[in-house]
1. In the set Thr53, Thr75, Thr81, which member is hydroxyl-bearing (Ser, Thr, Tyr) and crowded, with 23+ Cβ neighbours inside 10 Å?
2. Tally up the residues in region 49-97 that are in contact with a helix residue (DSSP H, G or I) (Cβ under 7 Å, 6 or more places away or on another chain) and free of Cβ contacts under 8 Å to residues at least 40 places away in the same chain, please.
3. Do we find that Ala86 is closer than 21 Å to Asp44 by Cβ and either modelled with pLDDT under 95 or small (Gly, Ala, Ser) (or both) in this structure?
4. Conditions first: (1) at pLDDT below 90; (2) within 20 Å of Asp101 (Cα to Cα); (3) of a type outside the set (Val, Ile, Thr). Asp8 passes all but one, so which condition is the exception?
Amino acid sequence: MPETPRRDDRVPAASAPEQQLNALLGRGSEFDGKLKFEGTVRIDGTFSGEITTGDTLIVGEGAKVAAEIACGAITVRGEVTGNIRASRSVELFAPARVRGDIATPSLSIEKGVVFHGQSKMEEAGAKPAATAKDKAAANNVFRLGERERTETAAEA
């Protein structure tokens, strides 16, 4: 009788053999800042900041990520706090815990995952939704322009 593979032996689509791992933030490692990369990166340690890539991010079991993430595809087995925008796909596998909003054309959530947030299914190739940071920046520009007009009118 063939042996049933253990759950950890399953290979998620984002880490399929044809995708070579370019970098690894291993268990016990901590990093704070901005991460931009090409290819596939796996995080098994602790990361906080911003992550930007058009390629693949893997958050391993036991990893803790607190970041705004914009990527092509992401596979999560660890903990993510922050919003995720993926142009291709988001895959959440138990025991993942995600706190934040997800915007992607393809979302897969395995039984046993904890997800607190909103999900938005966008068409592939659609312009990504503006983040709260983008919206705040746009509001500040408008307000600055309004103040300038108000100050100029008061001086006249």
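The values are calculated or read from the model by the stated rules, or taken from the named source; none is laboratory data. The structure presented is a predicted model; accordingly, all values stated were derived computationally and were not measured. Because the Cβ atoms are built from the backbone with ideal geometry, glycine has one as well, and the counts that use them run over all protein chains shown.
1. Working: Thr53 fails: crowded, with 23+ Cβ neighbours inside 10 Å; Thr81 fails: crowded, with 23+ Cβ neighbours inside 10 Å.
Going through Thr53, Thr75, Thr81 in turn, the sole match is Thr75.
2. Total satisfying the criteria: 0.
3. Numbers: closer than 21 Å to Asp44 by Cβ: yes; either modelled with pLDDT under 95 or small (Gly, Ala, Ser) (or both): yes.
Considered against the rule, which asks whether it is closer than 21 Å to Asp44 by Cβ and either modelled with pLDDT under 95 or small (Gly, Ala, Ser) (or both), Ala86 comes out as yes.
4. Looking at each condition in turn, Asp8 falls short on (2).
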